[in-house]
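Comments concern the structure below.
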Amino acid sequence: MDIKSFISDWINLSNALDTDKYLQKYNTDAILDDPSVGRKFIGYAGIKDYFTSYFIGYNTHTRLIKLDINNNEAHLEVEFTGEFPEGKIGGIFDMTFKNGKIATVKADLI
């Protein structure tokens with residue numbers, strides 16, 4: 001699996017606000033933990049709720065700042081811009097992959 005290419009595509013789908021293709025990047029039982037919103041989002045239904053609320057709802061766009069890859073894991077530092085009070089804020093994603101898709105994500109604001 002080419003994680004760098006995968007991440008680039010995942011960010012592009014996110015920025016296009018393409019929910020269906022965005023969800024296809026995740027395993028059906030994936031877990032997304034975001035302490036900045038105080039919740040874990042489980043499976044397609046949960047991750048769809050997260051994406052709809054925090055990305056589509058705020059017209060959030062993501063720009064990759066830094067990517068570190070270690071075997072089947074990736075650490076991303078990103079910049080979010082959108083229609084939220086700060087207008088621009090930093091964030092991180094720590095991901096693990098299984099079967100060519102995202103298995104777990106810890107997302108947080110920095």
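Within the option set ILE65, ILE92, ILE69, being part of a strand (DSSP E or B) and more than 24 Å from ASP29 (Cα to Cα) holds for one residue only, ILE65.
So is GLU79 without any contact (Cβ under 8 Å) to a residue 60 or more places away in the chain, assigned to a loop (DSSP other than H, G, I, E, B) and either loosely packed, with under 14 Cβ neighbours inside 10 Å or not aromatic (Phe, Trp, Tyr) (or both) or not? So GLU79 fails the test. Residues in the range 42-70 that are in contact (Cβ under 8 Å) with a residue 12 or more places away in the chain and in contact with an Asp or Glu (Cβ under 6 Å, 6 or more places away or on another chain) were compared, and the one that is farthest from ILE110 (Cα to Cα) is GLY43.
So is ARG63 of a type in the set (Lys, Arg) and exposed (fewer than 14 other Cβ atoms within 10 Å of the Cβ) or not? Give the derivation first.
Values: of a type in the set (Lys, Arg): yes; exposed (fewer than 14 other Cβ atoms within 10 Å of the Cβ): yes.
Considered against the rule, which asks whether it is of a type in the set (Lys, Arg) and exposed (fewer than 14 other Cβ atoms within 10 Å of the Cβ), ARG63 comes out as yes.
Screening ALA16, ALA30 for residues that are among the hydrophobic types (A, V, I, L, M, F, W, C) and exposed (fewer than 14 other Cβ atoms within 10 Å of the Cβ) leaves exactly one candidate, ALA16. Can you name the residue in the range 54-71 that is at pLDDT 95 or above and of a type in the set (S, T, N, Q) and is also farthest from TYR22 (Cα to Cα) among such residues? Among those residues, the one meeting the criterion is ASN70. Here TRP10 meets the list (1) in a helix (DSSP H, G or I); (2) farther than 17 Å from THR104 by Cα almost entirely, failing just condition (2). Contact annotation: residue pairs with Cβ atoms under 7 Å, 6 or more positions apart or on different chains, pairing a residue in the range 5-17 that is closer than 12 Å to LYS101 by Cβ with a partner that is surrounded by 14 or more Cβ atoms within 10 Å (Cβ to Cβ), are TRP10/LYS25. Against the criterion of being crowded, with 16+ Cβ neighbours inside 10 Å and in contact with a Ser or Thr (Cβ under 8 Å, 6 or more places away or on another chain), THR52 does not qualify.
The values are calculated or read from the model by the stated rules, or taken from the named source; none is laboratory data. In this text, all values refer to a predicted model and were calculated from it rather than measured experimentally. Methodologically, a virtual Cβ is constructed for each residue, glycine included, from the backbone with ideal geometry; neighbour enumeration extends over all protein chains shown.
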